[in-house]
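Everything on this sheet refers to the single structure shown next.
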Amino acid sequence: MKKWNMVIDVAACTNCNLCTLATMDEYIGNDWSPYAAPMPKHGHKWIRIQQKERGSVPFIDMAYVPAMCNHCDDAPCVQKAENGAVTQREDGIVLIDPDKAKGQKHLVDACPYGHIWWNEELQTPQAWPFDAHLIDQGWKQTRGAQSCPTAAMKVYCLEDAEIQRMVADDGLEVLNPEFGTRPRIWYRNLWRYTTAFIGGSVSAEAGGLVDCVEGAKVTLTKDSAKQAEAVTDIYGDFKFDRLPEDSGAYTVEIEAQGHPKKTVEATLGESVYLGEIRL
Amino acid sequence: MKFAIILFGMAQLFKITAWRYPKFRERLKERNLVAQIKTMDNSVGRWFRFENGRVTTGAGVRDDADICMAFKDAALAAKLLMPPIDWLDQINALKDFKLSMTGDDGLANWFAQTTMLTQSLGWKWGRDMGGGVLRTCNMTNGGPVFVDVKDGKILRMTPIDFDETDPGPWTIKARGMEFTPPRRTTLAPHGQNAKSIVYSPDRCLYPMKRVDFDPNGARNTHMRGKSGYERISWDEAIDIVAGEIKRAKRLHGPGAMAVSHGSHHTWGNIGYYLSALYRFRNAVGHTPVHHNPDSWEGWYWGAVHHWGHSLRVGQSETYGTVEDCLQNCDMIVFWAADPETTSGSYGAQEGTVRRQWLKDRKLGIDVVHVDPYYNQSAQFLPGKWFAPRPTTSVAMAMAIAYVWIREGLYDKDYVASHTVGFDVWKAYLLGEEDGIPKTPEWQEEETGVPARDVRALARDWGRKRVYLAPGGWGNGHGGACRNQTGIQWARVMVCLVAMQGLGKPGVNMGNLQWGCPLDFNFYFPGYADGGMSGDLEGTAMPVELYQRMPQLPTMNTPTQKIPRIHMPEAILDGKAEGYPWVGKSIEHQFGKFGYPAPGHAKVSMLYKYGGSILSTMNNTNRWVKMYQSENLEFVVNQSIWNEGEAKFADVILPACTNFERPDISEWAGLGGYGHHGQQQLNHRVIVFQAPAIEPMGESKSDFWIFNEICKRMGLSNYFSEGINEIDWVKRMFDASDMPEKISWKQFLKKGYYVVPAEKEALRAPVSFRWFWENRKKDVPEPQPLPSDYAEEYLKGLQTQSGKLEFECNSLKRFVDPERPPVVKYVPSWEGRHSGEMFEKFPLQMLTPHSRYSFHTQGDGKDSFLLNIDDHRVEVGGWYYWVIRMNAEDARARGIKKHDLVKVHNDRGAVICAALPTNRLPRGVCHGYESSAMYEPMGEPGRSVDRGGCLNLLTPERTQTKTTHSLAGANALVEIVPWDGRTEYMSEAFAGAVKQDPLPPGKAEAPKDEMAPGKVIA
């Protein structure tokens, strides 16, 4: 049985919000019951773009992670729903029946991801239904995927074995795997959101002028164990990325021809830019 | 004989159409009249009596006809009446007085338009999608859309996925790879937002009159912006407006009515401001509010003197640059360039698709970003970020040139053969003139950018083939050209690229936003080509559209104009001076004009189109004062939404959106100064903009509104040429190359047409390659004008020397101490060198174009965009504009994420939601211009605004005295936590007066009786 999945490339998301807008366009003012009751004009974010700013001026990057109902295979909302109000279809899509779910406000808390929203007016919980009403009309993609200019958001209808192969081959991840709900929304390059970097800019003075040092060898060690090596670019910049956040003390060693070796200590909470390191 | 038969046939046509179409039967009930059509000598004629919906007819000539259409002779009549109508013949007959229409203008117009309805009522548009869903097309400022409609309601709008019958895209081969865009269209966020602004609760649904405005009594002009409104009928509204136009002329003289519109409009070639509005305003006579060159500023007033391109408002040609860039360039320098935010112009996310290719390291194109803000494009395309303080990057550019000169890293041969004045520029850079060498260390003082980084960039740049990409288009536009040093910046950008050999393979202007290899020989007019305006002076119509779509020309008779930036002074003080934005030559900009023009009437009435000015011009509390002046005896605002200036009108005329009326257009088809704007797109897409739904409430199309006003002035047959809006749409279709490719019927059904990509062998040449190779200009743009070539037609640039001029001959001829012939760095008069002002207001605020909305379009209106936290943030039930500030600066002021803060200076105060960030250096804050909402919390002009109009705070001073140039994209402000007070007193806030603060989010509600725009009826 082929099932629906979504794969989102964090490196390709520009925070344009076209997916969130297309979803608003589809659900605000339209009643697609029993797939979904109308989305309130404000207050709900069925697709929510989470963001992470790493580093400081002028050494910085941004990551954007569109997050939404994960259509989990072990969905707590399905388990906690009364009256069969939340079901996972054979094609993997989890749907909240707006009528049957009426009054079941506890479902909002059932989702560890916070992707179930309470519709105050209709007194019913709501989540992004994978545009199932369109899928059932023959659509091959969701509104968000259709509107995504960079194809950061892609929809796949695959056998579970096939998607697992893709997960393994491409290193796909889910958000908060510790929740153990087996989401069907996968992420590529999620490290840009979940990990940290140590960066710096190496310079040296010569003939009264300070210049960037290109080609310096930079070594990152932790507890005397070498973690990684980098070479500075023309701006003297180096960056060690994909380090765990809050991973504590690191040592950065810089070697450049004609200069004594330089050592800088760094403590990693969130990403850190060490600034100019003058040899 | 033929004429008599046609007339007999016409009578039958009325009857058959009435039988087939209930709409026509209703139409026939609208008027009772006798219409006569005849030859001027009465030899042939037929009358038509319309009475209570019935049509009777008879041969012959009656003397009791209400209206009469007369032809010189029967042969001419037969020729002109036989469909398809030849518009050129008809117009020539009118011009030669061989065709006349007499009788009541309104009745005649009704008869003519009714006759035309017999042709168009049978037209069907859209595709049946099953389940009662009809799919039509439309166009937004952010791209084309499919519009799915059911039961008279818009269900959804989506981008267009091309089908198998649409032509395929182009492919560029570069460095062993192939690049092909996907077969679909993209949308900008404001395009995907469109449904919510159609169904906005802020729509103007009924004609409105300010409750305390009496055209025959007290006008209470001081109450504008304060009083509420009452609903009136269309008849009353049109009577008042037409009456006021006549009154202004009668009491004060020609030109007493000023017309002011925004720089953009909802999309469509017929309903556009450069189309229907221009036809109307010329027909009735007016004083135009003359625009400054908006997003071009520094390029028009500065760069043009170095390289010409006046007909591109100082920006360069862009052809072929996508292919050349991908094939030959090593690095792109984005300089105050954020195409991911601005979508180029109208370019949706089309450039994003291409710039994504740069992420492929196999391509090997490096990217560098120079911008005080770590902008969206920098976030998307990793590369070194340089963050100069606002207005100072001119110094950084000079230091780069300095390094090139010192280290011999520029193209000396090119400079010798293709430029003039280099020695003078070189002497300035080396400090031979002022004793100050423009070194990287020198610039560091100004910019805050480390000298070592600038040196590294200069060396890298000097050794590589580089595309310089200033502004969102990559060839200028937006960016730093709108601040106090914008002219210097645009000038120095041209100097940099001149030193590196503009036009050599891989050395050009661009950031993949413009320059796609499309078919530019296929003709479809852009919006600046003037649509139905008949305006041969104020639009690009004479270039081609006028010949292809002959129409009655229109010409404004008053010669005076008001410079837009100084409009409040023009009204309040009665005088103003400006410099024109006319692209015909470099020198047009030197022609100073004054208001009022000698012997002309002072403006006493304003016809305002939309409400954008309060958040798009500078120091805009000036406009509040202007609106409340008794010098403006009458203000009418024709607007779709009740926002901004609409709330300052005496009468509001509710216009409908382009989803409620027919139109036709091409995506990003600009025409005029944006010749071949489709270069931004991956496909050329032309759309029939079908009316998806009936106009909301009693709103009407602009065309209808203007025609009704014209009826009161006997001008409706001149304005409309006796045809309906959709007939104009068809006329534009016929005027283009479209009929050769797709029938009208098919076009209406499918809704769009994709112009096939150009064959590889026929692609437009690369811009400036001809210049580098000393050939005649070969890119497909009709500029400069023939007489502007110095030596030989098509040889060289538009400059006096025909070369790139480091020392500008045109600025030697026109002496402006602030624009010396060689560009020099003069620090901003609103920045770190501003002394006391800087001490008081130590933050430099950037106000670039917005990301999610398109100027005021899409913002406010209770739209979907309000739900995007990077656009507005909801605090205590109100959606506040976002102000970004350096995290350290925020901490120092006790400001946390989404705290409500007061952004203020001596010009005003705006309440925003704060976003502390590391995307800005210290001392810099960032909030988009163009909030649609102006929401003073008390007395307008004297209270804080919580709508987000940051342009209340920006300087109105022009960049130089002898330019009409906006300089306000940077302003000095202070930001403090908001204490909830609504009156604005800067000193009070500094602590001089202590009052009990209100907790943030618990703002005082605007006092009801003061609520601007409150609708009473």
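The values are calculated or read from the model by the stated rules, or taken from the named source; none is laboratory data. All figures in this text were calculated on a predicted structure; none of them were measured in a lab. Glycine gets a Cβ as well: all are built from the backbone with ideal geometry, and neighbour counts include every protein chain shown. When the accessible area is computed, the model is the full protein with side chains, heavy atoms only, and any ligands, DNA or RNA have been set aside. Shrake-Rupley method; radii C 1.70, N 1.55, O 1.52, S 1.80 Å.
Just one of the listed residues (B:ARG49, B:ARG127) is under 25 Å from B:PHE747 (Cβ atoms), touching a residue at least 12 places away in the same chain (Cβ under 8 Å), touching a strand residue (DSSP E or B) at 6+ places or on another chain (Cβ under 6 Å) and open to solvent by 40 Å² or more (accessible area, probe 1.4 Å), and it is B:ARG127. Screening the candidates B:LYS384, B:LYS359 for the property of being in contact with a helix residue (DSSP H, G or I) (Cβ under 9 Å, 6 or more places away or on another chain), within 28 Å of B:ALA399 (Cα to Cα) and within 14 Å of chain A (Cβ to nearest Cβ) yields one hit, B:LYS384.
Residue count for the range A:263-272 satisfying the condition of being within 12 Å of another protein chain (Cβ to nearest Cβ) and open to solvent by 40 Å² or more (accessible area, probe 1.4 Å): 1.
Of all the criteria given as (1) surrounded by fewer than 17 Cβ atoms within 10 Å (Cβ to Cβ); (2) over 20 Å from B:GLN349 (Cα atoms); (3) of a type outside the set (Gly, Ala, Ser), the one not satisfied by B:ASP161 is (2). Suppose we filter the range B:429-447 for residues that are within 12 Å of B:THR392 (Cα to Cα) and of a type outside the set (Asp, Glu); how many remain? Residues meeting the conditions: 3. Taken as a whole, the structure leaves B:PHE688 outside the set of residues that are modelled with pLDDT of 95 or more and not in a strand (DSSP E or B).
Looking only at the range A:157-212, which residues are within 14 Å of another protein chain (Cβ to nearest Cβ) and of a type in the set (Lys, Arg)? Scanning the range A:157-212 gives A:ARG188, A:ARG192.
Can B:PHE179 be described as over 30 Å from B:MET713 (Cβ atoms) and touching a residue at least 60 places away in the same chain (Cβ under 8 Å)? In short, yes. Of the helices (runs of 4 or more DSSP H) lying entirely inside the range A:1-114, not one contains at least 3 residues that are over 30 Å from B:GLN356 (Cβ atoms) and within 14 Å of chain B (Cβ to nearest Cβ). Scanning the range B:420-452 for residues that are open to solvent by 10 Å² or more (accessible area, probe 1.4 Å) and within 14 Å of another protein chain (Cβ to nearest Cβ) yields B:PRO437, B:THR439, B:GLU441, B:TRP442, B:GLU444, B:GLY448, B:PRO450, B:ARG452. Counting only residues that are in contact with a Phe, Trp or Tyr (Cβ under 7 Å, 6 or more places away or on another chain) and open to solvent by 10 Å² or more (accessible area, probe 1.4 Å), the range B:217-243 holds 3 of them. Of all residues in the range B:624-647, those that are in a helix (DSSP H, G or I) and either more than 20 Å from the chain's Cα centre (by Cα) or of a type in the set (Lys, Arg) (or both) total 5.
Just checking, does the range B:469-476 include any residue being among the small types (Gly, Ala, Ser), under 21 Å from B:ILE405 (Cβ atoms) and either assigned to a helix (DSSP H, G or I) or open to solvent by less than 10 Å² (accessible area, probe 1.4 Å) (or both)? Within the range B:469-476, none of the residues are among the small types (Gly, Ala, Ser), under 21 Å from B:ILE405 (Cβ atoms) and either assigned to a helix (DSSP H, G or I) or open to solvent by less than 10 Å² (accessible area, probe 1.4 Å) (or both).
Of the listed requirements (1) facing another protein chain (nearest Cβ under 9 Å); (2) open to solvent by 20 Å² or more (accessible area, probe 1.4 Å), B:PHE864 misses just one: (2).
The set of residues from the range B:271-309 being open to solvent by 10 Å² or more (accessible area, probe 1.4 Å) and within 24 Å of B:GLU956 (Cβ to Cβ) comprises B:TYR273, B:PRO288, B:HIS290, B:HIS291, B:ASP294, B:SER295, B:TRP296. Looking at (1) small (Gly, Ala, Ser); (2) buried (at least 23 other Cβ atoms within 10 Å of the Cβ); (3) at positive phi, can you tell me which one B:GLY923 breaks? Failed condition: (2).
Among the strands (runs of 3 or more DSSP E) confined to the range A:182-279, the ones with at least 1 residues that are closer than 30 Å to A:ASN70 by Cα and of a type outside the set (Phe, Trp, Tyr) are located at A:185-188, A:195-206, A:237-244. Taken together, the residues in the range B:310-345 that are at positive phi, of a type outside the set (S, T, N, Q) and open to solvent by less than 10 Å² (accessible area, probe 1.4 Å) amount to 3. Of the residues making up the range B:578-617, those that are of a type in the set (Ser, Thr, Tyr), assigned to a loop (DSSP other than H, G, I, E, B) and either farther than 30 Å from B:PRO786 by Cβ or open to solvent by 40 Å² or more (accessible area, probe 1.4 Å) (or both) are B:SER604, B:SER612. Residue-level analysis places B:ASP870 outside the set of residues that are modelled with pLDDT of 95 or more and more than 13 Å from chain A (Cβ to nearest Cβ).
Applying the condition of being in a helix (DSSP H, G or I) and among the aliphatic types (A, V, I, L, M) to the range B:334-378 and asking which residue is nearest to B:TRP489 (Cα to Cα) yields B:ALA378. The selection criterion, being of a type outside the set (Phe, Trp, Tyr), closer than 16 Å to A:TYR35 by Cα and in the same structural domain as A:ILE47 (by TED's automatic domain parsing), does not hold for A:GLU82. Take B:GLU758 and tell me if it is open to solvent by less than 60 Å² (accessible area, probe 1.4 Å), closer than 22 Å to B:ASP519 by Cα and at pLDDT 95 or above. Considered against the rule, which asks whether it is open to solvent by less than 60 Å² (accessible area, probe 1.4 Å), closer than 22 Å to B:ASP519 by Cα and at pLDDT 95 or above, B:GLU758 comes out as yes.
Yes/no per residue for (1) surrounded by fewer than 23 Cβ atoms within 10 Å (Cβ to Cβ); (2) within 13 Å of another protein chain (Cβ to nearest Cβ); (3) touching a Lys or Arg at 6+ places or on another chain (Cβ under 6 Å); (4) more than 23 Å from B:GLN349 (Cα to Cα):
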| position | (1), (2), (3), (4) |
| --- | --- |
| B:GLY860 | no, no, no, no |
| B:GLU888 | yes, yes, yes, yes |
| B:GLY908 | no, no, no, yes |
| B:ALA914 | no, no, no, yes |
| B:SER931 | no, no, no, no |
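The number of residues in the range B:171-212 that are open to solvent by 10 Å² or more (accessible area, probe 1.4 Å), among the hydrophobic types (A, V, I, L, M, F, W, C) and within 14 Å of chain A (Cβ to nearest Cβ) comes to 1. Restricting the range B:379-406 to residues that are in a helix (DSSP H, G or I) and aromatic (Phe, Trp, Tyr), the residue that is nearest to B:THR342 (Cα to Cα) is B:PHE380.
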